[in-house]
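**Student:** Before we start, here is the structure in question, set down as structure tokens.
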Amino acid sequence: MSHIAQVETEIRDLNALVAALEEINPAWKEQVIVDTNGTTLHGYAEDRQANVVIRTRSKGSFGDIGFLRTESGKYRLIVDDLDLQHMGGKSWIDRLTRTYAKHVILDEAERSGQEVLSEETRADGSIKIMIEVD
Amino acid sequence: MPRVTVIIAPNGSTTFEVDGVKGSGCEKVTAAFQRALGKTTSDRKTAEYYEEETEQAAERRLVTE
């Protein structure tokens, strides 16, 4: 072993974000609207602008779920508190973050031509990926 | 072939462990992954890294002697 690095995951990659949303909620497949210029998110109390929107308001939720790209390049979740609670609260955000991280790593491995040897989700929800590199 | 073990914790923070690369080359192996993913909060070298550095230093000494 020659080095160990720890990285705090930041949601910055639009493709990996959409892939993660569709993976954790298959019903959202083909329903994630992406607009880098901004599109309307129908919230519970008011409409807002967002770059990623899922039209959950018309399906029984208090509002749409979406993400806004901030100046720093990170995507910020926009969701009604009660809708988030219903989805599982922080555990939903954690699940989205780790699923996003998995997609970023698999995409980067493919982009740079590295071979993914294995991918495994463990009992505690953590994900282990082995990659062979040149 | 060097191997990278990636562990994504339940909260999404991620650890990269590089195996089988000696010396400073091992940082390049995961740099692109780290950049793509977010902010590196810690990066430490382990025994094998220093082992190779020491061997290189020893070789340099032999050459100059």
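Nothing in this text is a laboratory measurement; each read-out follows from the coordinates by a stated rule. Because the structure is a prediction, the values reported are computed rather than measured. When we count neighbours, we look across all protein chains shown, and the Cβ atoms used for this are built from the backbone with ideal geometry, even at glycine.
**Student:** How would chain A be classified by its alpha-carbon gyration tensor: rounded, prolate or oblate, with rounded meaning a/c under 1.5 and the a/b versus b/c comparison settling the rest?
**Tutor:** Working: a/c = 2.28, a/b = 1.85, b/c = 1.23.
Cα axes put chain A in the prolate bin.
**Student:** May I ask which residue of A:Asn15, A:Ser126, A:Trp92 lies farthest towards the positive end of the charge dipole of chain A, with charges of +1 (Lys, Arg) and -1 (Asp, Glu) on Cβ and the Cα centre as origin?
**Tutor:** Of the candidates, A:Trp92 comes out farthest on the positive side.
**Student:** Scan chain A and hand back the longest stretch that contains none of the GluC sites (Glu not before Pro) lying in DSSP loops with at most 10 other Cβ atoms within 10 Å.
**Tutor:** Working: sites that count: A:Glu30, A:Glu46, A:Glu71.
It runs A:72-134.
**Student:** Same structure again: Using θ = phi - 60° and the Karplus form 6.51 cos²θ - 1.76 cosθ + 1.60, what ³J(HN,Hα) does each residue of the range A:13-30 get, whole Hz, x for Gly and Pro?
**Tutor:** Values, residue by residue: 9, 4, 4, 5, 5, 5, 4, 5, 4, 6, 6, 7, 9, x, 5, 8, 3, 6 Hz.
**Student:** Now for a different question. For B:Asp43 paired with A:Ser91, estimate the spin-label separation in nm (one decimal), with each label point 7 Å from Cα along the Cα-to-Cβ line.
**Tutor:** My value for the distance between the label points is 3.6 nm.
**Student:** Would you mind calculating the gained length between A:Trp28 and A:Met130 on full extension (0.36 nm times residue separation, minus the Cα-Cα distance), in nm to one decimal? Numbers along the way, then the final one.
**Tutor:** Working: separation 102, 0.36 × 102 = 36.72 nm, distance 2.89 nm.
Residue separation times 0.36 nm, minus the Cα-Cα distance, leaves 33.8 nm.
**Student:** Suppose we flag trypsin sites (Lys or Arg not before Pro) only when DSSP calls them loop and at most 15 other Cβ atoms lie within 10 Å. Which is the longest uninterrupted stretch of chain A?
**Tutor:** Numbers: sites that count: A:Lys29, A:Lys74, A:Arg122.
Here the longest run is A:75-121.
**Student:** If I stretch the segment between A:Lys74 and A:Ile4 completely, what's the gain in nm (0.36 nm per residue apart, minus their alpha carbon distance), one decimal? Provide the component values of the computation, followed by the final result.
**Tutor:** Numbers: separation 70, 0.36 × 70 = 25.20 nm, distance 2.49 nm.
Result: 22.7 nm gained on full extension.
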